[in-house]
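Beneath this line is the structure, given in structure tokens, with notes to follow.
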Amino acid sequence: SENGFADELPIHQVSFTSDFWMDITEVTQADYDEVMGNAFPEYFTPSWRETYGVGDNYPAYELEWGDAALYCNARSKRDGLDTVYTYSSIDGTPGGLCQLVDVVTDFSANGYRMPTEAEWEFACRGNVGTDFYWNRDFDPYPATEADSIEIGEYTVWSGNSWSYGIDDTEHYGNHPVASKSPNGFGLYDMCGNISEWINDWYEEYSAESITDPRGGENTWHMARGGSWGNDPIYLRSANRTFDAPGYFYAYVGFRTVRMVP
């Protein structure tokens, strides 16, 4: 995007060699708790709190990338699919902000994994070329109260959550998934509510056309999608965020994808 930050440039062509399925919502607390609790006897339930949103239909959050990867493997095993992630050991407790040592992603496996950055952005845009998937571009938007109300129809953002303050338990924090309008692909909360872990490590873009980009080798995993604490510039489909290991928030969750055979 030319309407955002330097790491969103240059604009370039991306192609995929396979279709993929994606969760229509972020992984919920009820689903995460059930899958992880059945898979790991030592499972540590994340610190979901009333302040930031707690309940079966709220998104799972305050998770490390390793916690999300373990969920993907456990869900794959539950559904009789091949696991995607292999690793030599687990540093910490599953669900308790753990990290995976020597982790490798097998993109040929048919199980669940986190989306690549390119897959996520394609899915977020929903075949729309504007900055936001409801056919609006950033700057001067949002310029009016009506603009802010429109944003709130599609996403949970600072204007209808964080700005109310911590004492407003009705608005502050995450909201239940799928409480706003979906994008053109029928996906909910792609640009707000909770930011989402991405499979990739951070890598700068190139101007060259690329097929199936999967990120580089770095020290920061990507997160995409903005959150309930973000202003509109961070809700654009092109916005990129990365987080260092051990640097987590009540703003980060995830959803999964599977390759179509």
Does the stretch 198-217 include one or more residues that are surrounded by fewer than 24 Cβ atoms within 10 Å (Cβ to Cβ), in contact with a Pro (Cβ under 7 Å, 6 or more places away or on another chain) and in a loop (DSSP other than H, G, I, E, B)? yes
Can you tell me which residue among Gly186, Gly111 is surrounded by fewer than 17 Cβ atoms within 10 Å (Cβ to Cβ), touching a residue at least 24 places away in the same chain (Cβ under 8 Å) and not in a strand (DSSP E or B)? Gly186
Single residue of the stretch 145-162 satisfying the filter (within 13 Å of Ser181 (Cβ to Cβ), in a helix (DSSP H, G or I) and aliphatic (A, V, I, L, M)) that is least open to solvent (accessible area, probe 1.4 Å): Ile151
Residue hits (the stretch 15-50; closer than 24 Å to Gly173 by Cα and in a strand (DSSP E or B)) are Thr28
Could you check how many residues of the stretch 58-70 are open to solvent by 50 Å² or more (accessible area, probe 1.4 Å) and acidic (Asp, Glu)? 0
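Would you mind finding the one in Gly95, Gly129 that is assigned to a loop (DSSP other than H, G, I, E, B) and open to solvent by less than 40 Å² (accessible area, probe 1.4 Å)? Don't jump to the end; show me each part of the working.
Numbers: Gly129 fails: open to solvent by less than 40 Å² (accessible area, probe 1.4 Å).
Result: Gly95 is the single residue among Gly95, Gly129 that is assigned to a loop (DSSP other than H, G, I, E, B) and open to solvent by less than 40 Å² (accessible area, probe 1.4 Å).
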Of these, Gly253, Gly192, which one is of a type outside the set (Asp, Glu), out of contact with any His (no Cβ under 6 Å at 6 or more places or on another chain), open to solvent by less than 20 Å² (accessible area, probe 1.4 Å) and under 18 Å from Ala68 (Cα atoms)? Gly253
Does any residue of the stretch 50-57 turn out to be among the small types (Gly, Ala, Ser), over 18 Å from Glu196 (Cβ atoms) and open to solvent by less than 30 Å² (accessible area, probe 1.4 Å)? yes
Residues that are out of contact with any Cys (no Cβ under 8 Å at 6 or more places or on another chain) and hydrophobic (A, V, I, L, M, F, W, C), drawn from the stretch 179-227: Phe185, Ile194, Trp197, Ile198, Trp201, Ala207, Ile210, Trp220, Met222, Ala223
Among the residues of the stretch 53-64, which ones are closer than 24 Å to Gly92 by Cα and assigned to a loop (DSSP other than H, G, I, E, B)? Val54, Ala60, Tyr61, Glu62, Leu63, Glu64
I'd like the residue in the stretch 1-49 that is within 21 Å of Ser181 (Cα to Cα) and open to solvent by less than 50 Å² (accessible area, probe 1.4 Å) and, out of all such residues, is nearest to the chain's Cα centre (by Cα). Glu26
Screening Ala123, Ala74 for residues that are of a type in the set (A, V, I, L, M), in a helix (DSSP H, G or I), open to solvent by less than 40 Å² (accessible area, probe 1.4 Å) and in contact with a strand residue (DSSP E or B) (Cβ under 7 Å, 6 or more places away or on another chain) leaves only Ala123
So is Ile198 touching a Lys or Arg at 6+ places or on another chain (Cβ under 8 Å), under 13 Å from Phe254 (Cα atoms) and touching a residue at least 60 places away in the same chain (Cβ under 8 Å) or not? yes
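The values are calculated or read from the model by the stated rules, or taken from the named source; none is laboratory data. What you are looking at is a predicted structure, and each value in this text was computed from that prediction instead of being measured. Don't worry about glycine lacking a Cβ; one is built from the backbone with ideal geometry, like all the others, and counts go over all protein chains shown. Each accessible area value is taken on the protein alone, full model and side chains, heavy atoms only, with ligands, DNA and RNA left out. Shrake-Rupley method; radii C 1.70, N 1.55, O 1.52, S 1.80 Å.
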